Every structure is written in structure tokens, then in C-alpha cells.
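Q: First, the structure itself, so that you have it in front of you.
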Amino acid sequence: MKFLLDSCISSFAVEDLKDSGFDVLWIPEIGKDPGDEAIIKKAFDEGWVLVTADKDFGELVFVFGKPHSTIIRLVDIPAKEQGKFLLRLIETHKNDIEKKALITVERFRVRVRTED
């Protein structure tokens with residue numbers, strides 16, 4: 001599993017995922033943020049799981065019908081805890097992550113929307 005982390009996701013999450021052996025690409029590492037449409041396209045074209053805190057990706061999917069890979073949105077998760085939440089999510093929702101799901105992670109709940 002490989003993860004494309006939006007610029008709004010912390011470097012702590014990058015480190016936690018890499019330390020756990022995942023392939024991670026963080027937008028700030030590749031230069032200037034190219035914008036949401038370019039990010040969602042890159043994730044889809046290259047098979048990355050997109051991790052963001054930005055709700056605009058939902059609009060790109062539901063309103064504009066953009067093709068997408070799995071999108072994980074972290075809502076109000078403190079920067080230092082983002083990686084831990086992601087690692088727990090990978091353990092508990094691996095099948096959903098593999099199905100191009102839209103997953104919203106909040107402190108005390110996870111919502112999963114799949115195309116099935």
C-alpha cells in the first residue's frame with residue numbers, strides 16, 4: 001500500500017508511515033502544491049491512497065465526478081497523532097482502503113463510503 005499525503009498532513013504522519021514500512025510521498029517533498037485536481041489525478045493515475053484534511057476532495061468526487069483512488073480525510077486529528085490514527089485505520093479497514101473508498105476519520109468514529 002502506498003500513500004500520497006497532502007500538504008495539510010503533518011510530517012509526523014509521514015515519519016510514522018515510513019517507519020512502518022509504507023511507501024509514502026508527501027506533497028511538500030515534491031515542490032509547490034499543484035492543487036487539488038492535480039493531486040487527485042496523480043493519486044488515481046499512480047495508485048496512491050490519498051490522505052488529506054481537506055474536504056474539497058469530496059466535492060471533486062461527488063460534484064464533478066473526478067475519478068479517484070481511496071481518499072482518507074482526517075478531521076480534527078492533532079498533527080502528532082495523525083500517523084497513529086492512520087496506522088490503526090490501516091489495520092482495521094484494510095479491505096475498505098483497497099476498494100477506492102472515501103474514508104472520514106474523526107477522533108471517535110470512522111465513516112466509510114464505497115462504490116459497491
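Just so you know, all these numbers are worked out from the coordinates, no wet-lab data involved. The structure presented is a predicted model; accordingly, all values stated were derived computationally and were not measured. Cβ sites come from the backbone with ideal geometry, for glycine too, and all protein chains shown count toward neighbours.
Q: With a cut-off of 8 Å between alpha carbons and a minimum separation of six or more residues, what is the relative contact order of the chain in percent?
A: 27 percent
Q: Next up: Of all beta bridges DSSP finds with both residues in the chain, what is the antiparallel percent, to the nearest 5?
A: 25 percent
Q: Further question: What value, in deg cm²/dmol to 500, does the helix sum -39500 (n - 2.57) over DSSP H runs of n ≥ 4 give at 222 nm once divided by the residues of the chain?
A: -10000 deg cm²/dmol
Q: Give, rounded to the nearest 20 debye, the magnitude of the charge dipole that the chain has about its Cα centre when Lys and Arg contribute +1 at Cβ and Asp and Glu contribute -1 at Cβ.
A: The dipole of the chain has a size of about 280 debye.
Q: Take peptides 68-79, 92-103 and line them up by average Cβ neighbours within 10 Å, highest first, as a rough protection proxy.
A: Result, highest mean first: 68-79, 92-103.
Q: If you compute percent of Cα pairs over 19 Å apart for the structure shown, which of (i) 59; (ii) 38; (iii) 55 do you land on?
A: Computing percent of Cα pairs over 19 Å apart and matching it to (i) 59; (ii) 38; (iii) 55 gives (ii).
Q: Just to confirm my numbers, what's the Cα centroid distance between region 1-77 and region 95-116 in Å?
A: For region 1-77 versus region 95-116, the Cα centre distance is 14 Å.
Q: Taking the dipole about the Cα centre of the chain, with the C-beta of Lys and Arg at +1 and of Asp and Glu at -1, give me whichever of L25, V51, L74 is farthest to the positive side.
A: Sorting the options by dipole projection puts first L74.
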